[in-house]
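Notes follow once the structure below has been shown.
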């Protein structure tokens, strides 16, 4: 199993541990949505909050771990530009590995984002304070990673 898949699974376990630890400690209702100034503007029950979190984690695992596995195994029909070139027998294995690797690390970044954002929301709820302005830096880091990763992927698959 690739390192990125192991990290995705570890982050999923961390998210479950996070939910188990904080669920009994959170107030009811939980501030679950915040405006641009970090002030809460929507609430949910702790169960509803962590149900959404579990859904996000499961969707990430499905998309980034399961899909990456099927791509690496060559079990999905891929629609790539210059498909004949990239999926020619001489390059097929490398192409599938590049795509699976991209998805795996994208999954790590996305699950890490989910765990960090949930932690920041939990801390704001426990302290009864606005959401930390640090959320902006977390989002900037995530979007920077997304942009750099996509640029690298598109550069790899540029015209042969």
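The values are calculated or read from the model by the stated rules, or taken from the named source; none is laboratory data. All figures in this text were calculated on a predicted structure; none of them were measured in a lab. Here the Cβ positions follow ideal geometry from the backbone for every residue, glycine too, while neighbour counts run over all protein chains shown.
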* With region 66-160 as the region, which helices (runs of 4 or more DSSP H) entirely inside it contain at least 2 residues that are under 24 Å from residue 34 (Cα atoms)? -> 92-127, 134-156
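One line per residue, one yes/no per condition, for (1) surrounded by fewer than 20 Cβ atoms within 10 Å (Cβ to Cβ); (2) modelled with pLDDT under 90; (3) under 13 Å from residue 108 (Cα atoms):
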| position | (1), (2), (3) |
| --- | --- |
| 8 | no, no, yes |
| 17 | yes, no, no |
| 22 | no, no, no |
| 29 | yes, no, no |
| 50 | no, no, no |
| 53 | no, no, no |
| 64 | no, yes, yes |
* Do we find a residue being surrounded by 15 or more Cβ atoms within 10 Å (Cβ to Cβ), under 14 Å from residue 120 (Cα atoms), touching a residue at least 60 places away in the same chain (Cβ under 8 Å) and out of contact with any helix residue (DSSP H, G or I) (no Cβ under 7 Å at 6 or more places or on another chain) anywhere in region 37-46? -> yes
* Return the only residue of 146, 138, 117, 108 being in contact (Cβ under 8 Å) with a residue 24 or more places away in the chain and surrounded by 17 or more Cβ atoms within 10 Å (Cβ to Cβ). => 108
